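Taking it in order: structure first as structure tokens, then the write-up.
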Amino acid sequence: MFRPANLEIDMIPYASTIMFELHRNDTEECANSTKSECFTVSVLFNGEPVKLSGCKTTECSFKEYESYIL
């Protein structure tokens, strides 16, 4: 269930958008890596950043995101 920590949603408005963005860390070590430590996930609801439960900020480490969805 989509339960963001910083957003109260009683009913999702018609034509709303939820975007999940995967970002690779901009370091030399992560340039061609597929290690989960090299990635973060951001979620946007109608263009506004969303903080998922279990994530420290609106940008989750991939491990935090993985724990949230599993």
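Throughout, read-outs are computed from the coordinates displayed, never taken from laboratory work. What you see is a predicted model, and the numbers here were worked out from it, not measured in a lab. Cβ sites come from the backbone with ideal geometry, for glycine too, and all protein chains shown count toward neighbours.
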Checklist outcome for this item: Taking a straight Cα-to-Cα line shorter than 14 Å from Lys56, and setting aside same-chain aspartates and glutamates fewer than 8 residues away, one finds Glu64, Glu66
Checklist entry - Which lysines, on any chain, are close to Lys35 with Cα under 19 Å apart, when same-chain ones fewer than 8 places away are left out? => result Lys63
Item to check | Peptides ranked, highest mean first, by Cβ atoms within 10 Å: ranges 31-42, 52-63 | outcome: 52-63, 31-42
Item to check | Average Cα contact separation per residue, the chain, under 8 Å, 6 or more apart, as relative contact order % | outcome: 31
Checklist entry - Calculated from the structure, Rg and Dmax of the Cα atoms in Å equals which of (1) 11.8, 41; (2) 13.4, 43; (3) 15.0, 49? => result (2)
